[in-house]
């Protein structure tokens with residue numbers, strides 16, 4: 001994972017709010033096969049939680065229990081603090097599900113699809129028309145709203161699929177591989193939509209087979225294998241499991257050798273070296289080290305023109321914990 005910083009930039013972790021979803025000790029077996037074995041996690045308001053695992057890890061069974069499509073053998077699901085089961089009809093209004101399979105009518109336009117599902121959600125009249133327009137804008141289909149959806153690209157159909165799940169303003173949105181098989185433009189539009197929804201306070205459960213998506217949109221990630229969560233945390237917390245270091249690359253001018261000597265005195269810096277046009281550092285927790293790096297570089301009369309931080313990615317963590325690639 002790579003990120004770029006200006007000297008004025010600051011970063012922080014998502015603070016979260018009250019839980020919109022709590023899963024406590026979920027277990028599910030099919031005969032002698034234990035598909036889910038004691039999975040627990042929570043999602044807060046405005047948080048995007050990634051559930052990652054290889055095929056057969058138990059993700060689909062977990063999502064089916066979260067959405068009330070399958071009853072667990074043990075444990076419980078709480079939606080907005082209320083126990084949620086397949087029979088919880090009223091509580092289902094707080095949940096939006098975007099399944100892997102497309103759930104749109106190909107002979108209807110996007111607007112007609114949304115109008116049909118709006119009626120199922122109980123939206124009528126001006127409220128329905130206003131919400132449909134809002135959703136069309138959010139998913140980027142306003143200009144194609146009156147075209148039958150069978151003429152859409154795969155990515156546009158996916159975006160319409162997401163829009164249907166948003167009509168009733170759910171508190172929790174479950175996105176099960178929403179970008180599978182879509183073009184780059186539509187993938188980016190979906191990811192931008194996820195980021196906006198999180199900013200608006202929607203809790204999001206996100207599964208994907210694209211590690212770069214998880215790194216981009218997920219505040220926390222749970223890595224599932226053999227029906228259990230093997231590790232959970234922020235990107236930073238998870239890469240610490242592997243024990244790899246960050247890299248800082250400075251593009252700079254001045255007495256680089258003097259700066260390297262000074263930078264090597266920072267406790268978290270494991271290695272500092274001069275390269276053509278700059279300095280390379282190997283360090284623990286680069287964002288925490290950057291203020292000292294800038295201060296010591298300035299004291300050595302070195303002008304830093306650009307900084308690039310490279311962190312270990314989630315793929316390394318995933319391989320370490322499961323012994324498999326995400327798409328296996």
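Quick check: from the Cα gyration tensor, does segment 147-256 come out rounded (a/c under 1.5), prolate or oblate?
Here segment 147-256 falls in the prolate category.
In Å and from the alpha-carbon atoms only, list the Rg and Dmax of segment 146-188.
When restricted to the Cα atoms of segment 146-188, Rg and Dmax are 11.2, 31 Å.
Looking only at Cα atoms, what is the convex hull volume of segment 35-111 per residue, in Å³?
Given the Cα convex hull of segment 35-111, per-residue volume reads 144 Å³.
Calculate the length of the line joining the C-alpha centroid of segment 172-227 to that of segment 26-63, in whole Å.
16
Using only the alpha-carbon atoms, how far is helix 125-138 inclined from the longest principal axis of the chain? Give it as 0 to 90 degrees, nearest 10.
For helix 125-138, the angle is close to 30 degrees.
Compactness ratio of segment 245-311: Cα Rg over 2.2 N^0.38 Å, N = residue count?
Normalised Cα radius of gyration, segment 245-311: 0.93.
If the chain were replaced by its equivalent ellipsoid, with semi-axes equal to the square roots of 5 times the Cα gyration tensor eigenvalues, what would those be, largest first, whole Å?
Numbers: eigenvalues 354, 126, 56 Å².
Semi-axes (√(5λ), whole Å): 42, 25, 17.
Taking the 0 to 90 degree range and rounding to the nearest ten, how far is the long axis of helix 110-120 tilted relative to the main principal axis of the chain, both from C-alpha atoms?
60
Specify the angular offset, from 0 to 90 degrees and rounded to the nearest 10, of the alpha carbon long axis of helix 154-166 from the longest principal axis of the alpha carbons in the chain.
So the helix axis and the longest Cα principal axis differ by about 70 degrees.
So what's the gap between the Cα centers of segment 277-314 and segment 81-104, to the nearest angstrom?
46
When a/c is below 1.5 the answer is rounded, else prolate if a/b is larger than b/c, else oblate, so apply that to segment 111-150 with a ≥ b ≥ c taken from the square roots of the Cα gyration tensor eigenvalues.
Details: a/c = 2.34, a/b = 1.46, b/c = 1.60.
Oblate is the answer for segment 111-150, as a/c is 1.5 or above yet b/c matches or exceeds a/b.
Which of rounded, prolate or oblate describes segment 179-221 when judged by the alpha-carbon gyration tensor and an a/c cut-off of 1.5?
Here segment 179-221 falls in the oblate category.
Against the globular-protein guess of 2.2 N^0.38 Å, express the Cα radius of gyration of segment 177-328 as a ratio, rounded to two decimals. Write out the running numbers ahead of the final one.
Working: Rg = 19.1 Å, N = 152, 2.2 N^0.38 = 14.8 Å.
Working it through for segment 177-328, the quotient is 1.28.
Return the equivalent ellipsoid semi-axes of segment 73-228 as a descending list in whole Å, where each equals the square root of 5 times an eigenvalue of the C-alpha gyration tensor.
Numbers: eigenvalues 128, 86, 38 Å².
Largest first, segment 73-228 gives 25, 21, 14 Å.
Cβ neighbours within 10 Å, averaged per peptide: list 115-125, 292-302 in order, most packed at the top.
Highest mean packing first, the order is 292-302, 115-125.
Every read-out reported here was derived from the displayed coordinates using simple, explicitly stated rules and does not represent laboratory data. Owing to the predicted nature of the structure, the values given are computational and were not obtained by experimental measurement. When we count neighbours, we look across all protein chains shown, and the Cβ atoms used for this are built from the backbone with ideal geometry, even at glycine.
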